[in-house]
Amino acid sequence: MGSLDGRVVLITGAGRGIGREEALFFAAEGAKVVVNDPGVAIDGSGGDAGVAAKVVEEITAGGGQAVASTDSVADWDGARRMVETALDSFGDLHVVVNNATIERNMGLTDLSEQDFDDVLAVKLKGTFAVTRWAARHWRERFQAGVRADRAVVNTSSGSGLLNPLPAQVSYAAGNAGVAALTTVAALELGRYGVRVNCVSPSMARTRLTVTVPGMSQEPPAAGYDPLDPAASAPVAAYLASSACPLTGQMLSIRGGTVAVNRGWSLGDHLHKDGLWSVAELAEQVKELPMDDPYDKLAQALTGALGTVGRARLQEMINALLDQGGEPAPASA
Ligand SMILES: NC(=O)c1ccc[n+]([C@@H]2O[C@H](COP(=O)([O-])OP(=O)(O)OC[C@H]3O[C@@H](n4cnc5c(N)ncnc54)[C@H](O)[C@@H]3O)[C@@H](O)[C@H]2O)c1
């Protein structure tokens, strides 16, 4: 018996990378899967209906049940249609896994309005749009007296939650937004029996990360693979299973490590019974203990890439910004 027997699941961006692994894993656990993916390039251009179809073929060849959807999560009516595809094909919808993303990585000074909007349209608005149409259905079923465990599993990133990365202003903002949306949706939808959680993968070997310096392109010949793109699938499946009690949680995943995120937790603070002046703040704020963002990023990368010193980090930042056309500052 699978942990997801009888569950109908819609997974966005399920044609490649982490979403594909989730679709295969969920189907193997007994779920009926809507494999959504328009098959676009990393930047969102183009499209290939064969990408979703291939994952459906893999699932059905293995004896599982799946249908393809090639709509974009950024399309309001498309988001509604993918929910309807689940209802028409399998009679209900229990779980939405919001996983789709695109990226337009470049320095803030080079990023156009269109680039910013397009990334947010997939990552943040797409998460809202699909969740919203599913939640409409779930509210309707609940109001009709049907009681069932429903779940949303969103997908954020360390680049947004813990270490927003240079050259990713739109992507990082979208991921931070997804975390906030998760909390709000968990609080709002609990009354309809809907749990809302979030996974935050890190350094999984997909097309998004192949250009990260130090990322190995191939899995090890044998043994543990800390960059395995399949690492998120069991965590997402746990969050999707009807036995899971969690809601409003964010779980970070790197290989076999699963860590609870505790939001943007508060550090030391200043207090005054009244309004501060700028001069007072300038004097006192600098006395508060703060993390140096370079040191924090270097520490975070060290786990995946080995020792990353300040100079190497600066080189990596320069390389990322240079790709987007922003010349490296002469002093760096
Ligand atoms: N790979 C990592 O290490 C990593 C790290 C942090 C977070 N993530 C997150 O994990 C998720 C999956 O990333 P991945 O690395 O597997 O990326 P990927 O590019 O391999 O897969 C993403 C899929 O989303 C699809 N997609 C793009 N636009 C879409 C749209 N409008 N509607 C529906 N589908 C669309 C693409 O066609 C693609 O197949 C993303 O949300 C990403 O932010 C990944």
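General observations
- Yes/no for residue 272 being among the basic types (Lys, Arg), over 26 Å from residue 42 (Cβ atoms), surrounded by 10 or more Cβ atoms within 10 Å (Cβ to Cβ) and in contact (Cβ under 8 Å) with a residue 60 or more places away in the chain: no
- Check on residue 71, modelled with pLDDT of 95 or more, within 10 Å of the ligand (Cβ to nearest atom) and either under 21 Å from residue 205 (Cα atoms) or not assigned by TED's automatic domain parsing to the domain that holds residue 239 (or both): no
- Residue list for the range 31-48, restricted to those being within 11 Å of the ligand (Cβ to nearest atom) and part of a loop (DSSP other than H, G, I, E, B): 37, 38, 39, 40, 41, 42, 43, 44, 45, 46, 47, 48
- Residue list for the range 53-101, restricted to those being more than 20 Å from the chain's Cα centre (by Cα), assigned to a loop (DSSP other than H, G, I, E, B) and buried (at least 19 other Cβ atoms within 10 Å of the Cβ): 64, 93
- Reported count of residues in the range 1-42, each being hydroxyl-bearing (Ser, Thr, Tyr) and buried (at least 24 other Cβ atoms within 10 Å of the Cβ), is 1.
- Among the criteria (1) farther than 18 Å from residue 150 by Cβ; (2) crowded, with 21+ Cβ neighbours inside 10 Å, the one residue 45 does not fulfil is (2).
- Residue in the range 10-30 that is nearest to the ligand (Cβ to nearest atom), counting only those that are assigned to a loop (DSSP other than H, G, I, E, B) and within 21 Å of residue 91 (Cα to Cα): 14
The values are calculated or read from the model by the stated rules, or taken from the named source; none is laboratory data. Quantities reported herein were computed from a predicted structural model and do not represent experimental measurements. Quick reminder, even Gly has a Cβ in these numbers, built from the backbone with ideal geometry, and neighbours come from all protein chains shown.
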